[in-house]
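Structure, as structure tokens:
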Ligand code: GTP
Ligand code: MG
């Protein structure tokens, strides 16, 4: 599946924990193009998993995203982005810099995400968290368009995710 991404855009990855967002980002984008919520939590709190640091982490993430977009640089946000309010912050930064907010949704079965998450040392939450995220994802799919995402790509299942290819669209 070809994923058309405007050459200059703010790309929000959307997916539950274990859906493969960070893996996808590593595979398709340069490290400096990817702003990950884990990384910014680490920057502000010395702990990538400290959820109480999320507000500060996203403040800084939005700030850096704004600087990148102002300089005309494609920016990818690697966070679950499962809540309207989280995505609203990204749409706002994109609009402020007159670039298109794009969403790439990684929609994997809950059971696969859980299997992967369970075997990770850096994730300690229980299955019910994944279940809640999965519910949020279903809701998110209905809302992305009206929230202002101009391009929405939904990759359904492991094979579609593995076969995805990014194609950059020239703006002019
Ligand atoms: P969070 O950061 O917790 O939200 O998860 P994430 O969506 O970033 O998932 P991540 O890319 O970290 O992948 C989770 C685990 O699944 C890691 O151990 C990956 O190595 C593994 N994984 C990701 N994508 C694939 C895949 O396509 N195939 C297989 N077999 N494993 C994968
Ligand atoms: Mg990740």
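All of the numbers you see were taken from the coordinates with simple rules; none came from a lab. From a predicted model like this one, the values you see are computed outputs, not experimental measurements. Note that we place each Cβ from the backbone using ideal geometry, even for glycine, and neighbour counts take in every protein chain shown.
So what does the Cα-only Debye profile of segment 35-98 read at q = 0.16, 0.28 Å⁻¹, as log10 I(q)/I(0), no solvent term?
-0.48, -1.24
What span do the alpha-carbon atoms of segment 1-46 cover on each of the three principal axes, reported in whole Å from largest to smallest?
So the three principal-axis extents are 37, 24, 15 Å.
Using 5 Å bins from zero, what percent of all Cα-Cα pairs in segment 61-110 falls into each bin?
4, 19, 33, 23, 12, 5, 3, 1
At 25 °C and 0.890 mPa s, what whole-number value in µm²/s does Stokes-Einstein give for the translational diffusion of segment 28-172, with Rh from the Kirkwood sum over Cα pairs? It would help to have the intermediate numbers written out before the result.
Values: Rh = 16.5 Å.
Result for D is 149 µm²/s.
Please express the Cα-Cα pair-distance distribution P(r) of segment 87-132 as a list of whole percents, one per 5 Å bin, running from 0 to the bin with the greatest distance.
Here the calculated profile for segment 87-132 is 5, 18, 19, 12, 10, 14, 14, 8, 0.
Translational diffusion coefficient, Stokes-Einstein: compute it for segment 1-77 using the Kirkwood radius over C-alpha pairs as Rh, at 25 °C and 0.890 mPa s, and state it as an integer in µm² s⁻¹.
Diffusion coefficient, whole number: 186 µm²/s.
Could you list 16, 2, 152 so that the one with the fewest beta carbons within 10 Å of its beta carbon is first and the one with the most is last?
Details: 16 27, 2 10, 152 16.
Ordered by Cβ neighbours within 10 Å, fewest first: 2, 152, 16.
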